[in-house]
Amino acid sequence: MAGKSRRRRKEQTEYFFDYSLLFIVLFLLGFGLVMIYSASSYSAVVDYDGDAGHFMKRQLLAIIIGLVMMIIVANIDYHFWERFAVLGYIVSAGAILMVLTPLGIESHKARRWFRIPGIGLQVQPAEIAKLCMILLLAVMVCKMGKGIRSMKGFLIMVCIPAPIAVMIWQITDNLSSALIVMAIAILMVFVASPDYKKFVIMALIVIAVAAIVVFYAMQTEGQGSFRLRRINAWLNPESQSQDTGFQTLQGLYAIGSGGIWGKGLGQSMQKLKFLPESQNDMIFSIICEELGLFGAIAVIVMFIMLIWRMMVIANNASDLFGAMLVVGVIGHIAVQAILNIAVVTNTIPNTGISLPFISYGGSSVMFLLVEIGLVLSVAKRIQLREM
Amino acid sequence: MEQNRIFHRRKIMTLFFLLTAAFLFLFGRLVYLMVWRADYYSTLATQLHERERDIKAARGRILDRNGTVLADNKTVCTISVIYNQIEDPESVIQVLCDELGMSEESVRKKVEKYSAMERIKSNVDKEIGDRIREYDLPGVKVDEDYKRYYPYGELASKVLGFTGGDNQGIVGLEVKYEEVLKGEAGSILTVTDAAGIEVERMGERRLEPVPGYDLRVSLDRNIQTYATQLAYQAMETKEADSVSILVMNPQNGEIYACVNVPEFDLNQPYELPEGTQEGLSTEERQDILNNIWRNGCISDTYEPGSTFKIITAAAGLESGAVTPESTFSCPGFIVVDDRKIRCHKVGGHGSEDFVHATMNSCNPVFITVGLRMGVEQYYSYFENFGLKKKTGVDLPGEAGTIMHKMEDMGNVELATVSFGQSFQITPIQLLTTASSIVNGGRRITPHLGMEALDSEGNVVETFTYPVEEGIVSEETSATMREILEMVVSEGGGKNGQVEGYRVGGKTATSQTLPRGSGRYIASFVGFAPADDPQVIAIAIINNPQGVYYGGQVSAPIVRQLFENILPYLGIMEYNQ
């Protein structure tokens, strides 16, 4: 279906616009708005003076701004951005440092945002860093050519994002975003180099380290640092139900009480202030509670389709730079969605990761839409010959 | 470049499959959580979301044998406030102060206290509760509740007992039949958010309470009322400490009346009598109250005195140690071992047969009968009659018998026991044993509870009580009835005679310990009709002033009682 329409389109015009991808993104955004309203209206009425749509309206505004930015980016040749790669790296570092200035905003015990003066828009520098990192790494892959196959090239590719990741982790106290930045880099290197062995070994090392950390956390029996306690809460949420396991357990209550068919849209009980961050990081558990297993599957299928569409674009991109950009975006969206669902289902220890396009969060959705704009821009350059 | 593209595509495909595999793994995890663990988590979640309020079950009523309600429930209200739901605290405080007549300070403290639910006042009259409900103030809850109510106030107070703040039985039948009466509490389950605010769309779930069963007891309100009047009359005229009257059916052990004056007001059981000194400690108060609530017929033991000669006579006749025709000579005293025990008639009764000895209540004769039987035989009769066991009456706090150990009993002890001294039993024990002797030798279990009825009046459970046959032979029983009838018709129990009826009985006047204190207990056991006893009664006057002989102060009480209740019970007049 998609191939056929593309061919017909090619006959009419030389541009190709991936409507399937756009549709999937718009669906996720619309679905997200509905779920944000459902999840947040009760607490919004209580906390924001009776305004049930408080969170939804703010998200809608961010989406509109994001869509405009997406259309602009989609209509600019993506090669235009190549020259800003190094500048972007410096900007992300600067943005992270901005949270230390008086413009920084502290919330949930962490300084993760800063305000852009004048328009009052809050920006999470980690989101800027993710976008800039995708751009820089894509440029680097093209510059290095076959050099990336050597150990030296591999190390350079991993070392470039490392300082930014460390800054995100240490300055904004946001381990999950730091991990995502690193994951994006490694996935891009994985695609850029023909080797498999390195990555299998790396994966094994990561698993081994994780196992050691978990084992160590078990020894501390919930007495260790914040993150070690979270690991304990993950292993046994009931034991830490008053403390670090609270959110996880409340999320599990929501998911479990949804059952196969769900309670129906708007019928969630857990959103009545039982589940903290219900419109944000934990929105997937509200989806599970209200729409049941089938609603949850629908969301997962939409993400798989989104990745599949982007994979088709990456495979058919007119040059390596375009392909690498799309791979970076795939890595970002997929890793974030997977980690979010894994956290919500208590598959991995709790850490603050939002669900792309669906969770409440203005700067996140805007930067994601800019990334989709890049992907659409890459898609536009696809030539029939290569399909 | 072309070479690159091929492995790039392969890598991108690999990446896609890896990510899809991760999604599928999470999908599997979701299926596990939402299908296999769904019940577990939804149960936990429901517990988290629901707040429970109890609804008390209506406690079963207590009815007399004819269905008259002796203990009932009246609807009262409990007023409480829910902090989170109050919108206008000032008007809430104002209304509650005005309606409940409480001080502003105490109401304000409760209204402004941050708690899930604060009880302002319980046991509020229903009308006041309804008025408060009409104000329709958010955050003010009026819950209806039941409170125990005793329509006759003092009537049978020590038998019925009363209930505490949670409607649980505290003393008397209320506690003995707690399981029958209490029912099962229900609850209102309301769904709330995390802050405890009710979620209106969810409504509430009610688990209806199961009301308790009604209890039909063998008491007869009219007999109880009349006996109470007689007891008060006697207490006042004789300036006695207390008067007890027990009326029972000797054939089956149903208690018609159990009076211990002074009684207390069941609707105000914690009120101390007038003239009690102020400033008592909690323990002292409780001691006084416990004495007020005490059922003397069951919980207090006393030396029965001459009424116990019924038992000695029955044992003597049964063992063959004596026959009604046996003749004795009473010089006014008898020497047992080295002791000289006097008869109450200083000059002695002279020569008399056993029937006349009983009519005269002659101590030396009964001592002789006891000694003829010997310690071992007498003791085994004492035990066989059931005197060492409790009667098993269905009331809490029955006292046991205080009796010599057999190995410690010598002739002197045997002699005193034979005419009812040096050991203690409860009035109900004496009456039960006397019943067994005159009813043909069946040891019955005195009792009150007859049936448990549901709210429609259907019998749910009929209570049965053990009966022990063959305490004495039918023949001995018949002889005893005749002798005891003679006691009333011609002997010391003359004042127990009821015109037109054959009444049997025995009087007693016992000095309380320590001897020589001048305190006496006057008592009389009577039954009618003497040839086929349908009702047996005991009247005990504790420390009467002036004349203190049982035959003169206690027998008239039983006579007056019988005069009224024999026709009432439908016992036909006997034409002499």
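Here the 3J(HN,Hα) profile of segment B:78-83, calculated from phi with Karplus coefficients 6.51, -1.76 and 1.60 at θ = phi - 60°, is 10, 9, 9, 10, 10, 3 Hz, Gly and Pro shown as x. For the protein assembly as shown, what proportion of DSSP beta bridges, expressed in % and rounded to the nearest 5, is antiparallel? In the protein assembly as shown, approximately 95 percent of DSSP beta bridges are antiparallel ones. For residue B:71, the residues 5 or more places off, or on other chains, whose built amide H falls under 5 Å of its own are B:62. Under the convention that each Lys and Arg Cβ holds +1 and each Asp and Glu Cβ holds -1, the size of the dipole of chain A around its Cα centre is about 1100 debye.
Just to be sure I follow the definition: excluding the sites themselves, where is the longest run in chain A that has none of the chymotrypsin sites (Phe, Trp or Tyr not before Pro) in a DSSP loop with at most 12 other Cβ atoms within 10 Å?
A:16-195
Between A:132, A:288, A:142, the GNM of chain A built on Cα springs shorter than 10 angstrom shows A:142 fluctuating the most. Using a Gaussian network for chain A with springs between C-alpha atoms less than 10 Å apart, which of these wobbles most: A:163, A:125, A:356? Among A:163, A:125, A:356, the largest mean-square fluctuation in the Gaussian network model of chain A belongs to A:163. Under a 5 Å amide H cut-off, with hydrogens placed 1.01 Å from N, residue B:141 pairs with B:80, B:81, B:82 among residues at least 5 apart or on other chains.
Extending 7 Å from Cα along the Cβ direction at residue B:51 and again at residue A:86 yields two label points whose distance is 6.5 nm. Modelled this way, with points 7 Å down the Cα-to-C-beta line, the labels at residue A:75 and residue B:90 are 6.1 nm from one another. Projecting the Cα atoms of A:144, A:124, A:345 onto the dipole axis of chain A, where Lys and Arg carry +1 and Asp and Glu carry -1 at the beta carbon, places A:144 farthest toward the positive end. A straight chain from residue B:285 to residue B:131 at 0.36 nm per residue would run longer than the Cα-Cα distance by 51.8 nm.
For the peptide B:511-517, the mean number of other protein chain Cβ atoms found within 10 angstrom of a residue's Cβ is 0.
The charge dipole of chain B, taken about its Cα centre with unit charges on the Cβ atoms of Lys, Arg (+1), Asp and Glu (-1) only, comes to about 1620 debye.
Among the lysines of segment A:79-194, pairs at least eight places apart or on separate chains and with Cα atoms under 24 Å apart come to 4. Taken residue by residue and averaged, Cβ atoms of other chains lying within 10 Å of the Cβ of A:248-255 number 4. Go ahead and collect, in residue order, the members of segment B:126-147 whose backbone nitrogen is under 15 Å from a label point 7 Å along the Cα-Cβ direction of residue B:185. Taking a point 7 Å out along Cα→Cβ of residue B:185, the residues of segment B:126-147 whose backbone N falls under 15 Å are B:143-147.
Given N residues in segment A:79-194, what is Rg(Cα) / (2.2 N^0.38 Å)? Ratio of Rg to 2.2 N^0.38 Å for segment A:79-194: 1.13.
The gain in end-to-end length when the residue B:351 to residue B:519 segment is fully stretched comes to 57.3 nm, 0.36 nm per residue minus the alpha carbon separation. For residue A:113, nonlocal amide neighbours, meaning residues 5 or more places apart or on other chains whose placed amide H falls under 5 Å from its own, are A:105. Taking the charge dipole of segment A:79-194 about its Cα centre, with +1 at Lys and Arg Cβ atoms and -1 at Asp and Glu Cβ atoms, the residue from A:89, A:100, A:79 reaching farthest to the positive side is A:79. When the charge dipole of the protein assembly as shown is built from unit charges on Cβ atoms (+1 for Lys and Arg, -1 for Asp and Glu) and taken about the Cα centre, the candidate among A:302, B:378, B:49 whose Cα reaches farthest toward its positive end is A:302.
For segment B:94-111, backbone phi angles converted through the Karplus equation (6.51, -1.76, 1.60; θ = phi - 60°) give residue-by-residue couplings of 4, 4, 5, 4, 4, 6, 8, x, 9, 6, 4, 4, 6, 5, 4, 4, 6, 5 Hz, Gly and Pro being listed as x. Per-residue shielding of A:340-348, expressed as the average number of other chain Cβ atoms within 10 Å of the residue Cβ, stands at 4.
Calculate the tail of P(r) for the protein assembly as shown: the fraction of all Cα-Cα distances greater than 51 Å, expressed in %.
Across the protein assembly as shown, Cα pairs with separations above 51 Å total 51 percent.
Note that segment A:308-318 has calculated 3J(HN,Hα) couplings of 5, 4, 5, 4, 4, 5, 4, 5, 10, 4, 6 Hz, one per residue in order, obtained from phi through the Karplus relation 6.51 cos²θ - 1.76 cosθ + 1.60 (θ = phi - 60°); glycine and proline are x.
For segment A:79-194, the Cβ-based charge dipole about the Cα centre amounts to some 260 debye (Lys, Arg positive; Asp, Glu negative; other atoms uncharged).
Within segment B:53-77, whose backbone N sits under 19 Å from a point 7 Å along Cα→Cβ of residue B:270? Only B:74, B:76-77 pass the distance filter.
For the residues A:289, A:238, A:277, a GNM of chain A with alpha-carbon springs under 10 Å puts the largest fluctuation on A:238. A simple spin-label model places pseudo-atoms 7 Å from Cα toward Cβ; at residue B:37 and residue B:384 they are separated by 7.5 nm.
FYI, it's all coordinate maths here, none of it is from the lab. Bear in mind the structure is a predicted one, so any value in this text is a computation, not a measurement. Every residue, glycine as well, gets a Cβ built from its backbone with ideal geometry; the counts of neighbours run over all protein chains shown.
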